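Notes to accompany the following structure.
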Amino acid sequence: GSYTTGGAGDMVKAVTGLVTLLLALTLGLLISTAYSVYSAQKSAIQTIAISDLKLDAALNDYGPEAAEGRKILRSSIERTITQIWGGSDGDFLVRNYRAALSSLKEREDFLNSLQPSSEKQKAAQAQALQAANAIGQARSQMALALVDPVNIPLLCIVVAWATCLFCGYGLLSKQHPMSYLAIAVGALAVATGIEAIVDLSDPYSGLFRASPAPLIEVLKAVE
């Protein structure tokens, strides 16, 4: 009709092109941000696993007097896996921050209770304390990184842009089954992109889940 031909049609095409560009750029930015959150969580898990191994090695170097510390470490790893991937109720930040402080205090109390009698034991104690602090710091960062990982108002704006964009496509297309199919495929693509953003920003539930495999492997190594 007159609304989609001539000058009016050109304006609809121009605005549709502008919204297409804005939507593509913003969706790409949001996906990149969400993936950065997901990658940071995986990196933190690996950091905790490496620090657990360093702590275990330091306790082993200290000698038989630190055997109880290795039991505490094993129990701490088991609790970490349960608390992060166990699906407990409550806020992730609060739960994991409190758990990190509790586990750190337990490890530090034991390590400070040791009475090294040689330079080797003093060095092992210092290394163990350093590894214990690294575990607590990485665990806290995991929780803090998930505070408001994706800007929800911006995500709502993206949905509004997508709605306007497909309305523009509808105005420019003819009533044909293939047109409806193409619009449905496009809407599905945008919807899956938004779903990917939401899932990646919450790495411990949904489709994209950070794996506890590094900690499980460390748990097997700590006997």
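The values are calculated or read from the model by the stated rules, or taken from the named source; none is laboratory data. Small disclaimer: the values here were computed from a predicted structure and weren't measured. Glycine gets a Cβ as well: all are built from the backbone with ideal geometry, and neighbour counts include every protein chain shown. Surface accessibility is based on the protein's heavy atoms, side chains included, excluding ligands, DNA and RNA. Shrake-Rupley method; radii C 1.70, N 1.55, O 1.52, S 1.80 Å.
Which one of R95, R107 is under 29 Å from the mean Cα position of the chain (by Cα), basic (K, R) and more than 19 Å from V222 (Cα to Cα)? Every option except R95 fails the conditions.
Residue by residue, here is whether (1) in contact with a Pro (Cβ under 8 Å, 6 or more places away or on another chain); (2) β-branched (V, I, T) holds:
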{"residue": "S118", "(1), (2)": "no, no"}
{"residue": "A143", "(1), (2)": "no, no"}
{"residue": "V147", "(1), (2)": "no, yes"}
{"residue": "W161", "(1), (2)": "no, no"}
{"residue": "C164", "(1), (2)": "no, no"}
{"residue": "Y204", "(1), (2)": "no, no"}
{"residue": "A210", "(1), (2)": "yes, no"}
{"residue": "P214", "(1), (2)": "no, no"}
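Once region 154-173 is narrowed to residues that are of a type in the set (S, T, Y) and assigned to a helix (DSSP H, G or I), the residue that is modelled with the highest pLDDT is T163. Among the residues of region 202-211, not a single one is under 30 Å from V15 (Cβ atoms) and open to solvent by less than 60 Å² (accessible area, probe 1.4 Å). Scanning region 150-167 for residues that are over 23 Å from D202 (Cβ atoms) and either open to solvent by less than 70 Å² (accessible area, probe 1.4 Å) or without any contact (Cβ under 8 Å) to a residue 24 or more places away in the chain (or both) yields T163, L165, F166, C167. Remark: pairs (first residue in region 205-223, within 25 Å of T192 (Cα to Cα); second residue exposed (fewer than 14 other Cβ atoms within 10 Å of the Cβ) and acidic (D, E); Cβ separation under 9 Å; 6+ apart in sequence or on different chains) = G206/E195; L207/E195.
Based on what the data block shows, is S113 more than 20 Å from A44 (Cβ to Cβ) and open to solvent by 70 Å² or more (accessible area, probe 1.4 Å)? Yes; evaluated as a whole, the condition is true for this residue. Of all the listed residues (A138, A128, A134, A99), the sole one being open to solvent by 30 Å² or more (accessible area, probe 1.4 Å), touching a residue at least 12 places away in the same chain (Cβ under 8 Å), closer than 25 Å to P212 by Cβ and aliphatic (A, V, I, L, M) is A134. Can you pull out every residue in region 168-201 that is open to solvent by 60 Å² or more (accessible area, probe 1.4 Å) and over 30 Å from A8 (Cα atoms)? Selection gives T192, E195, V198. If you go through region 1-17 and keep only what is assigned to a helix (DSSP H, G or I), loosely packed, with under 14 Cβ neighbours inside 10 Å and either of a type in the set (V, I, T) or modelled with pLDDT of 90 or more (or both), you end up with just V15.
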